[in-house]
Amino acid sequence: MKGVSFDVKKGEIFGIIGPDGAGKTSLFQILTTLRAADEGSVSINGLDVVRDYKAIRRCVGYMPGRFSLYQDMTVEENLSFFASVFGAIIQENYWLISDIYKQIEPFKKRRAGKLSGGMKQKLALSCALIHKPSILFLDEPTTGVDPVSRKEFWQMLHRLQEQQITILVSTPYMDEATLCDRIALMREGSFLTIDTPSRIVESFKEPLFAISSANMSLLLSTLRRMSEVRSSYAFGDVHHVVLNRGDLRSIVEDRLRDSGFEDIKMRLIPASVEDCFLGYLLNK
């Protein structure tokens, strides 16, 4: 970590957004007392992560990025085990996980290793919640999960938020940023910015265009040689292009036609969180 400093409000969904290797897992391990920081201090619910680590472990729930439950144990055995670790009673806190657990309860006798990705995700979340934590840490919980399960998972998180559970979630998926109350964009162990998704998008002031042609590879290399273009990068089936000024659009289109591109399609578009993230990187 490099000078990472932030706070999270009670009942907030705080997202840490960044690619693989950005430092998200290391940060979560520090926050959940599983790893010591080289310097600085961290407090969870007013408790110091070094001095009060036992108390912190009782008030947080942690769902690591890799499925870490006991694969040879059944669904119900895993849930019972994790409840017993925290001295919790399943019946007492079942109301908290009922919406989640009832989806996998028909398979409660099935070994965890035989569950689908979405079912494993729901079981892991149930086990992280069974002791009724006040803060929930979710490290890339939707990585490798199908789109339908991803949507269901975020719906579950918002229902948990209604119970005033504070949620910190890390993800490499930029589209999930808009589902958080606030986000931190992370790269190489540092935060690039922290704000609400809407304010981060609003901070993108440069004119942004989507552009395409038949020869996308040649188009990108041509754009990157043009003085009117501040930055250009592939984005799905188009290229996103930031111009130095909005009134340069016609000049760019004319120069591309002079270079042999006869099928240029260029339109002004609003920025996304991913555009903002790339903008921070390209302007460093």
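The values are calculated or read from the model by the stated rules, or taken from the named source; none is laboratory data. Because the structure is a prediction, the values reported are computed rather than measured. Methodologically, a virtual Cβ is constructed for each residue, glycine included, from the backbone with ideal geometry; neighbour enumeration extends over all protein chains shown.
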**Request:** May I ask you to list the residues in region 37-55 that are among the hydrophobic types (A, V, I, L, M, F, W, C), more than 23 Å from the chain's Cα centre (by Cα) and closer than 26 Å to I17 by Cβ?
**Result:** V49
**Request:** Would you please list the contacts, defined by Cβ atoms under 9 Å and residues six or more apart or on different chains, that run from a residue in region 128-140 that is at positive phi to a residue that is buried (at least 22 other Cβ atoms within 10 Å of the Cβ)?
**Result:** K132/G61; E140/K24; E140/V169; E140/S170; E140/T171
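Criterion first (under 23 Å from the mean Cα position of the chain (by Cα), β-branched (V, I, T) and over 18 Å from D7 (Cα atoms)) does I104 satisfy it?
For I104, the condition - under 23 Å from the mean Cα position of the chain (by Cα), β-branched (V, I, T) and over 18 Å from D7 (Cα atoms) - is not met.
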**Message:** With within 17 Å of L282 (Cβ to Cβ) and outside any strand (DSSP E or B) as the only criterion, which of E152, E206, E176 stands out?
**Reply:** E206
**Item:** Residues satisfying the stated conditions in region 81-98, i.e. in a helix (DSSP H, G or I) and either at positive phi or in contact with a helix residue (DSSP H, G or I) (Cβ under 6 Å, 6 or more places away or on another chain) (or both)
**Value:** F82, A83, I90, L96, I97
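Those residues that are part of a loop (DSSP other than H, G, I, E, B) and not β-branched (V, I, T), I need them from region 267-281; list them, please.
Once the filter is applied, which keeps residues that are part of a loop (DSSP other than H, G, I, E, B) and not β-branched (V, I, T), region 267-281 yields P270, A271, S272.
Quick check on region 126-143: of everything there that is under 13 Å from the mean Cα position of the chain (by Cα) and in a loop (DSSP other than H, G, I, E, B), which residue is modelled with the lowest pLDDT? Please lay out each step first, then the result.
Taking region 126-143 first, the residues under 13 Å from the mean Cα position of the chain (by Cα) are 137-143.
From what is left, the residues that are in a loop (DSSP other than H, G, I, E, B) are 140-143.
Working: E140: 94, P141: 92, T142: 89, T143: 86.
Across region 126-143, the extreme among qualifying residues is T143.
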**Request:** Name the residue, out of A112, A177, that is surrounded by 15 or more Cβ atoms within 10 Å (Cβ to Cβ), assigned by TED's automatic domain parsing to the domain that holds I89, within 20 Å of the chain's Cα centre (by Cα) and of a type in the set (G, A, S).
**Result:** A177
**Message:** Can you tell me which residue is surrounded by the fewest Cβ atoms within 10 Å (Cβ to Cβ) among those in region 122-168 that are small (G, A, S) and touching a strand residue (DSSP E or B) at 6+ places or on another chain (Cβ under 9 Å)?
**Reply:** S134
**Complete:** Quick count over region 81-109, residues being of a type in the set (G, A, S) and either touching a Ser or Thr at 6+ places or on another chain (Cβ under 7 Å) or surrounded by 15 or more Cβ atoms within 10 Å (Cβ to Cβ) (or both), is 2
**Asked** Any idea how many residues of region 193-230 are under 29 Å from the mean Cα position of the chain (by Cα) and surrounded by 19 or more Cβ atoms within 10 Å (Cβ to Cβ)?
**Response** 5
**Request:** Give me the pairs, please: first residue somewhere in region 161-179 and farther than 14 Å from G65 by Cα, second residue anywhere and outside any loop (DSSP other than H, G, I, E, B) and of a type in the set (S, T, Y), beta-carbon distance under 8 Å, and either six or more positions apart or on two chains.
**Result:** A177/T171
**Complete:** Residue hits (region 100-125; small (G, A, S) and in a helix (DSSP H, G or I)) are A112, G113, G117, G118, A124
**Asked** Does region 140-154 include one or more residues that are hydroxyl-bearing (S, T, Y) and over 20 Å from L69 (Cβ atoms)?
**Response** no
**Prompt:** Here are I30, I16: which of them is assigned to a strand (DSSP E or B) and either in contact with a Lys or Arg (Cβ under 6 Å, 6 or more places away or on another chain) or of a type in the set (A, V, I, L, M) (or both)?
**Reply:** I16
**Message:** I'd like the full set of residues that are out of contact with any Pro (no Cβ under 9 Å at 6 or more places or on another chain) and over 23 Å from D247 (Cβ atoms), limited to region 257-275.
**Reply:** G260, E262, D263, S272, E274
**Prompt:** Can you tell me which residues in region 262-277 are without any contact (Cβ under 8 Å) to a residue 24 or more places away in the chain and surrounded by 11 or more Cβ atoms within 10 Å (Cβ to Cβ)?
**Reply:** none
**Asked** Does region 259-266 contain any residue that is farther than 30 Å from Q155 by Cα, touching a Leu at 6+ places or on another chain (Cβ under 8 Å) and part of a helix (DSSP H, G or I)?
**Response** no
